[in-house]
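We did not get these values from a lab; they are worked out from the coordinates using the rules stated. None of these values were measured; they are calculated from a predicted model. Virtual Cβ from ideal backbone geometry, glycine too; neighbours counted across all protein chains shown.
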Amino acid sequence: MKKIRIAQIGVNGHSHGLDIMNTLRKYSDLYEVVGYALPEGERERLPSKLSCFEGLPEMTVEEILHDPTIEAVTVETDEIYLTKYARMAAEAGKHIHMEKPGGRELAEFEALIEAAKKSGKTLHLGYMYRYNPFVIELLEEVRRGELGKISCVEAQMNCIHPKETREWLGNFHGGMMFFLGCHLIDLILQLQGEPKEIIPLNKCSGFDGVTAEDIGMAVLVYENGVSFAKTSAVEVGGFRRRQLVVAGEKKTVELKPFEYYEFPLLYTDRTTYTVHDWNTDGTHDRSNGGGRYDDMMQAFAAMVRGEKTNPCTPDYELMLYKTVLRCCGVTI
């Protein structure tokens, strides 16, 4: 099997760039990592993030984009530059894996979507929860009608971030809702579709004098009820309280903790409630352990090869991006 020649543009300060490169190198049977580029002063700004590139040649963005033997790129710059470089890659005819959710400007994201459609190549965003095995099973159950009509989805992604990171959130409308809440909005949309109304409730904790919106909250109104996404950067113990709860007429499924480590593997716990009894304990099980980005980057390889179709189309990604902005309080 011929390996996919791939290069990475950027590494970023707060997201998954280092992990994505390490995952590419882990799957050396799938990928031949050709090199990397560090635009926007990243070499000087982010020296602690560069170990993942050890032994690889540093290239310019232009060298990567103009090399016809490089089939795919991972775009992992800081969020404010994502759509800029992803659009350049799309216009160069590359398959793209891009950090979520995209840059700050809707017009730039729309231009990326148009370029990706025109290229006919894969546009794959770094929403790793799409590849959680219990999320995949839950989506299939919902599509088969096994939960009945859904009255509520509760999605939470909390953590405790240092002051520096919370100040950085001020670069975005909605702060934490843009940065991590996008994962939750993606799940709610895949489960319930586009909402009738969105009520953003993002707030600033004021802790440590930080003025960014480091507590994200949004209510999404649907025909049969309301759902919400909540994401906090100031919640002690928040990582273990990450959860997805889907309440339907026939069944409720709770994924909590949504992710937790027994190093080096990551797990999800699931409780399923089917008995209409106020005191039911439900049934409990745990996912098989795995790497956080393994299935995602293996799936991307299959998409590049034409062995798998990306279920999240460019049009879906645009709808998701617009919904994220609305949840951040941006008027569309």
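Normalising by the residue count of the chain, find the relative contact order in percent from Cα pairs under 8 Å and 6+ residues apart.
Taking the mean separation of contacting Cα pairs over the length of the chain, I get 16 percent.
Longer than 31 Å from Cα to Cα, which of Lys2/Lys117; Lys163/Lys196; Lys84/Lys230 are they? Say none if no pair is.
The pairs that break the limit, which is 31 Å between Cα atoms, are Lys163/Lys196.
Along the charge dipole of the chain, which of Phe109, Leu139, Gln156 sits closest to the positive end, that is, farthest toward it, with unit charges on the beta carbon of Lys, Arg, Asp and Glu (+1, +1, -1, -1)?
So the residue we want is Leu139.
Return the distance in nm (one decimal) between the two label points of a simple spin-label model at Tyr261 and Thr60, each offset 7 Å from Cα along Cα→Cβ.
Simple spin-label model gives 3.8 nm for this pair.
Using R₀ = 25 Å, calculate the FRET efficiency as 1/(1 + (r/R₀)^6) where r is the Cβ-Cβ separation of Glu146 and Arg305; round to 0.05. Each step should come with its number before you reach the end.
Values: r = 32 Å, r/R0 = 1.30.
Computed FRET efficiency for Glu146 and Arg305 comes out at 0.15.
Against the longest principal axis of the chain, how steep is helix 106-119, in degrees 0 to 90 to the nearest 10, with axes from Cα atoms?
Long axis of 106-119 versus the principal axis of the chain: about 70 degrees.
In whole Hz, with x marking every Gly and Pro, tabulate ³J(HN,Hα) for region 57-65 from phi via Karplus 6.51 cos²θ - 1.76 cosθ + 1.60, θ = phi - 60°.
With the stated coefficients, region 57-65 comes to x, 7, 10, 8, 4, 4, 4, 5, 6 Hz.
For region 33-136, which GluC sites (Glu not before Pro) pass both filters: DSSP loop (anything but H, G, I, E, B) and at most 11 other C-beta atoms within 10 Å?
Answer by residue number: Glu54.
With +1 assigned to the C-beta of every Lys and Arg and -1 to the C-beta of every Asp and Glu, and no other charges, what is the dipole magnitude of the chain about the Cα centre in debye, to the nearest 20?
Roughly 360 debye, rounded to the nearest 20.
Let me know the charge dipole size of region 1-124 about its Cα centre in debye, to the nearest 20, where only the beta-carbon of Lys, Arg (+1) and Asp, Glu (-1) is charged. List each step's numbers first, then the result.
Working: 16 positive and 21 negative charges, 82 e Å.
In total the dipole reaches around 400 debye.
Just one of (1) 0.99; (2) 1.13; (3) 0.96 is Rg/Rh (Cα atoms, Kirkwood Rh) as worked out from the coordinates here. Which one is it?
Comparing each candidate, only (3) matches the computed number.
Mind telling me which of Ser48, Ser227, Ser119 comes out most flexible in a GNM of the chain, alpha-carbon contacts under 10 Å?
The residue with the greatest mean-square fluctuation here is Ser48.
Return the loop-located GluC sites (Glu not before Pro) in region 256-332 (DSSP other than H, G, I, E, B) with at most 15 other Cβ atoms within 10 Å of their own Cβ; answer none if there are none.
When the GluC sites (Glu not before Pro) of region 256-332 are filtered for loop state and at most 15 Cβ neighbours within 10 Å, Glu307 remain.
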